[in-house]
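Okay, structure first, notes after.
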Amino acid sequence: MKKRIETVFTHKMEGGAEGRLGIDDNGKLYWNEQAVITEQKVTLQRWVNIALIIASISTLAIAIFTGLQFFGYEK
């Protein structure tokens, strides 16, 4: 059984090629009747993950100290 894809946008490119953006009954996106990958797992290197954790902790610490200064808890 072929999926019913409804065209929602067409675009004519230079050279006469035409592109069609469509969506099926399940909400899946298609370009020229080929499924478009809309989600994919991202894998980062270990050092990038560690750097992100350190940056997050640093940002949280800065936010806490800035909040304390705002409410008058200075030295």
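For segment 3-18: of the residues being in a loop (DSSP other than H, G, I, E, B) and touching an Asp or Glu at 6+ places or on another chain (Cβ under 8 Å), which is surrounded by the most Cβ atoms within 10 Å (Cβ to Cβ)?
Going through the qualifying residues, I end up with Lys3.
Return yes or no: is Val48 of a type in the set (A, V, I, L, M, F, W, C) and at pLDDT below 90?
no
Might you check whether a residue that is outside the structural domain of Val8 (by TED's automatic domain parsing) and not in a loop (DSSP other than H, G, I, E, B) occurs anywhere in segment 30-38?
no
Residues to consider are Val48, Val42; find the one that is part of a helix (DSSP H, G or I), farther than 30 Å from Met13 by Cα and under 19 Å from the mean Cα position of the chain (by Cα).
Val48
For the subset of segment 19-63 comprising residues that are exposed (fewer than 10 other Cβ atoms within 10 Å of the Cβ) and of a type in the set (D, E, K, R), which member is nearest to Glu74 (Cα to Cα)?
Arg46
The values are calculated or read from the model by the stated rules, or taken from the named source; none is laboratory data. These figures come from a predicted structure and were not determined experimentally. Don't worry about glycine lacking a Cβ; one is built from the backbone with ideal geometry, like all the others, and counts go over all protein chains shown.
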